[in-house]
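Below is one structure, written out as structure tokens; the observations come after it.
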Amino acid sequence: MIVGTVKEIKNHEYRVGLTPESVHELTAHGHEVLVETGAGDGIGAHDALYEKAGARIVATAAEIFASAEMIVKVKEPQPGERAMLRAGQILYTYLHLAPDPDQTRDLIASGAVCIAYETVTDDQGGLPLLKPMSQVAGRMSIQAGATALEKAHGGRGVLLGGVPGVLPAKVAVIGGGVVGFNAAQMAAGLGADVTILDRSPQVLERLGMYFEARAKTRFSNRANLADCVADADLVIGAVLIPGAAAPKLVSADMLKSMKKGAVLVDVAIDQGGCFETSHATTHADPTYIVDGIVHYCVANMPGAVARTSTYALNNVTLPHALRIADLGWKDALRSDPHLLAGLNVWDGKITYGAVADALGLDHVSAAQAVA
Ligand SMILES: NC(=O)c1ccc[n+]([C@@H]2O[C@H](COP(=O)([O-])OP(=O)(O)OC[C@H]3O[C@@H](n4cnc5c(N)ncnc54)[C@H](O)[C@@H]3O)[C@@H](O)[C@H]2O)c1
């Protein structure tokens with residue numbers, strides 16, 4: 001198969017769909033790989049590395065869209081890219097179609113086979129191609145919080161781990177899923193005094209067994225939340241109710257109970273945020289202060305560590321890319337129901353029920369596409 005990857009053109013996106021190492025795997029399987037010149041510059045993977053891995057460097061995205069049978073990307077295609085998609089061409093990338101009628105309309109019009117990373121499933125009922133970005137964001141949340149706690153950034157001047165003779169900072173992590181677990185791991189590793197709140201007894205039990213005495217767990221109800229938030233130097237918002245906007249668990253009123261210079265990091269901001277006073281910020285200007293409390297609410301945290309994020313993403317996307325290239329999309333999807341769950345648009349039709357429902361459009365089943 002001819003596989004192509006292009007330079008991401010979304011604002012401040014430095015990740016790339018295929019690393020040189022992934023290209024090496026594809027070429028070892030006998031596939032031809034086309035890479036747009038400069039596609040990997042943002043992660044320090046320059047053209048020469050791709051050439052060494054067996055790729056052919058191509059001057060423009062247009063040439064790649066014209067000849068590749070499968071396009072592997074990171075972010076959803078932008079309008080100019082959508083216009084270059086061809087009927088039957090495979091697009092393998094994050095799409096997030098439900099809130100994006102314009103993109104959905106263009107993908108339907110293209111006739112392309114569009115496989116969305118975010119809806120590919122696994123045996124445990126998880127979303128394995130989303131997970132690495134939550135791991136990155138969870139770990140980053142502690143770095144971001146530690147920086148915001150410094151005086152120069154408006155924080156109360158507290159070092160997470162303390163020093164001998166001085167108590168460590170108190171960190172409350174609300175939500176003990178992928179983001180929360182990774183945040184707690186980092187905070188505990190730095191020596192902070194960590195409490196993880198969740199409302200799922202199973203999650204609390206798992207966390208308790210993993211962390212033992214290195215972090216406390218606490219059931220998430222109004223009283224416990226209020227208590228932990230008032231006591232914390234750093235609060236990480238890491239809740240998710242799948243398919244719904246994040247619940248506002250920390251009200252504007254609760255800020256008044258907090259210590260001045262304490263920090264809120266709202267990782268759930270991409271789902272609207274779980275603090276009432278949150279609004280999305282950017283890496284260029286990541287924090288703002290309300291009632292003396294520093295808020296960090298960057299919606300695309302993994303973008304700041306594009307190199308780590310690209311490699312983490314490739315680790316989970318490459319096996320499927322290889323199968324699609326080896327078998328062709330139909331056989332690859334037919335033989336793997338989890339990959340089939342990734343099919344969102346095919347032959348001018350939506351093939352993912354939740355996307356169609358969100359946009360008030362018709363759909364056919366993904367199984368019909370591979371029948
Ligand atoms: N800002 C970013 O760059 C970025 C990056 C990755 C993920 N995220 C977001 O982070 C959030 C968390 O993602 P995840 O992968 O960890 O999800 P997850 O499903 O693995 O975990 C969510 C956890 O929240 C818990 N929860 C739900 N309601 C709760 C409540 N009222 N109190 C306490 N816990 C509650 C659930 O039981 C679950 O354990 C999502 O909104 C996700 O989109 C943001």
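When you look at L249, is it touching a Cys at 6+ places or on another chain (Cβ under 6 Å), within 12 Å of the ligand (Cβ to nearest atom) and at pLDDT 95 or above, yes or no?
Yes.
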Considering G176, G145, G155, G208, which residue is part of a loop (DSSP other than H, G, I, E, B) and away from the ligand (no atom under 12 Å from the Cβ)? G155
For the stretch 319-355, what are the residues that are small (G, A, S) and either under 10 Å from I115 (Cβ atoms) or free of Cβ contacts under 8 Å to residues at least 60 places away in the same chain (or both)? A321, A332, S335, A341, G342, G353
Among the residues of the stretch 251-269, write down those that are in contact (Cβ under 8 Å) with a residue 60 or more places away in the chain and under 15 Å from I293 (Cβ atoms). K259, K260, G261, A262, V263, V265
Residue check: is V316 in contact (Cβ under 8 Å) with a residue 60 or more places away in the chain and not in a helix (DSSP H, G or I)? no
Within the stretch 105-135, of all residues that are part of a helix (DSSP H, G or I) and polar (S, T, N, Q), the one farthest from the ligand (Cβ to nearest atom) is S110
Okay, helices (runs of 4 or more DSSP H) sitting entirely in the stretch 325-371 with 2 or more residues that are modelled with pLDDT of 95 or more and of a type in the set (K, R), I get 329-334
Exclusive hit being within 19 Å of S134 (Cα to Cα), surrounded by 14 or more Cβ atoms within 10 Å (Cβ to Cβ) and at pLDDT 95 or above, set D198, D231: D198
Looking only at residues that are part of a helix (DSSP H, G or I) and more than 12 Å from the ligand (Cβ to nearest atom) in the stretch 216-228, which one is nearest to A169 (Cα to Cα)? D227
What are the pairs with Cβ atoms under 6 angstrom where one residue, in the stretch 289-304, is assigned by TED's automatic domain parsing to the domain that holds F275 and under 16 Å from G237 (Cα atoms) and the other, located anywhere, is near the ligand (Cβ under 9 Å from one of its atoms) and among the basic types (K, R)? Sequence gap at least six, or different chains. none
Output the number of the condition that L240 fails; it satisfies all remaining conditions of (1) part of a loop (DSSP other than H, G, I, E, B); (2) near the ligand (Cβ under 10 Å from one of its atoms); (3) among the aliphatic types (A, V, I, L, M); (4) modelled with pLDDT of 95 or more. (4)
Note on the stretch 45-77: residues within 18 Å of K10 (Cα to Cα) and surrounded by fewer than 17 Cβ atoms within 10 Å (Cβ to Cβ) are T60, A62
Can you tell me which residues in the stretch 252-280 are on the phi > 0 side of the Ramachandran plot and within 14 Å of the ligand (Cβ to nearest atom)? G272, G273
Looking at the stretch 19-27, is at least one residue among the hydroxyl-bearing types (S, T, Y), surrounded by 19 or more Cβ atoms within 10 Å (Cβ to Cβ) and within 22 Å of G328 (Cβ to Cβ)? yes
All positions within the stretch 290-310 that are away from the ligand (no atom under 14 Å from the Cβ) and surrounded by 15 or more Cβ atoms within 10 Å (Cβ to Cβ): V290, I293, V294, R307, T310
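List the helices (runs of 4 or more DSSP H) inside the stretch 1-78, counting only whole elements, that have at least 3 residues being charged (D, E, K, R).
47-52
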Considering the stretch 180-202 alone, what residues qualify as being farther than 14 Å from L234 by Cβ, touching a Phe, Trp or Tyr at 6+ places or on another chain (Cβ under 9 Å) and within 9 Å of the ligand (Cβ to nearest atom)? F181, D198, R199
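The values are calculated or read from the model by the stated rules, or taken from the named source; none is laboratory data. Keep in mind that what you see is a predicted model, and the values were worked out from it rather than measured. Don't worry about glycine lacking a Cβ; one is built from the backbone with ideal geometry, like all the others, and counts go over all protein chains shown.
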